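Notes for the one structure printed next.
A short reminder: the numbers here are calculations on the coordinates, not readings from a lab. Being a predicted model, the structure only gives us computed values, none of them experimental. So basically every Cβ, Gly included, is an ideal-geometry build from the backbone, and we count neighbours across all protein chains shown.
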Amino acid sequence: MVNQVKASHILVKTEEKAKEILERINADESFEELAKEHSECPSGKKGGDLGFFGRGMMVRPFELKAFSLSVGEISDPVKTDFGWHIIKRTA
């Protein structure tokens, strides 16, 4: 079982905004640039990079999705109390 992953994310307030950004990512726009432009998390300034984190360090829905992704895979929008996340596992 993997104990740590490295991920980036884009955090927005609405599911509609998350879906719009995901469409742009799927059309080959840069995840990192879209994070800098749209993410409401301070990590957006770093292209959404959250670094490495272990189990129990993130809110449950975020953690479950991040740990289920393959390296390089990008999630569908994930809802937490903070808003809607698009998660990219980077390691």
Total residues in segment 29-51, condition exposed (fewer than 14 other Cβ atoms within 10 Å of the Cβ) and closer than 14 Å to LYS88 by Cβ: 4
Qualifying positions in segment 49-79 - of a type in the set (Ser, Thr, Tyr) and within 16 Å of ILE21 (Cβ to Cβ): SER75
Residue in segment 56-63 that is in a helix (DSSP H, G or I), touching a residue at least 24 places away in the same chain (Cβ under 8 Å), touching a Pro at 6+ places or on another chain (Cβ under 8 Å) and of a type in the set (A, V, I, L, M, F, W, C) present: no
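To keep it simple, each residue is scored yes or no on (1) without any contact (Cβ under 8 Å) to a residue 60 or more places away in the chain; (2) more than 14 Å from ILE74 (Cα to Cα); (3) among the small types (Gly, Ala, Ser); (4) in contact with a strand residue (DSSP E or B) (Cβ under 8 Å, 6 or more places away or on another chain).
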residue: GLN4; (1), (2), (3), (4): yes, yes, no, yes
residue: ALA7; (1), (2), (3), (4): no, no, yes, yes
residue: LYS13; (1), (2), (3), (4): no, yes, no, yes
residue: LYS19; (1), (2), (3), (4): yes, no, no, no
residue: ILE25; (1), (2), (3), (4): no, no, no, yes
residue: SER30; (1), (2), (3), (4): yes, no, yes, no
residue: ALA35; (1), (2), (3), (4): yes, no, yes, yes
residue: LEU50; (1), (2), (3), (4): yes, yes, no, yes
Residues being closer than 13 Å to TRP84 by Cα and under 13 Å from the mean Cα position of the chain (by Cα) - total across segment 14-34: 4
Restricting segment 67-85 to residues that are without any contact (Cβ under 8 Å) to a residue 40 or more places away in the chain and in a strand (DSSP E or B), the residue that is surrounded by the most Cβ atoms within 10 Å (Cβ to Cβ): VAL78
GLY83 farther than 14 Å from ILE10 by Cα and out of contact with any Ser or Thr (no Cβ under 6 Å at 6 or more places or on another chain): no
Subset of segment 1-13 [of a type in the set (Lys, Arg) and either within 8 Å of the chain's Cα centre (by Cα) or assigned to a strand (DSSP E or B) (or both)]: LYS6
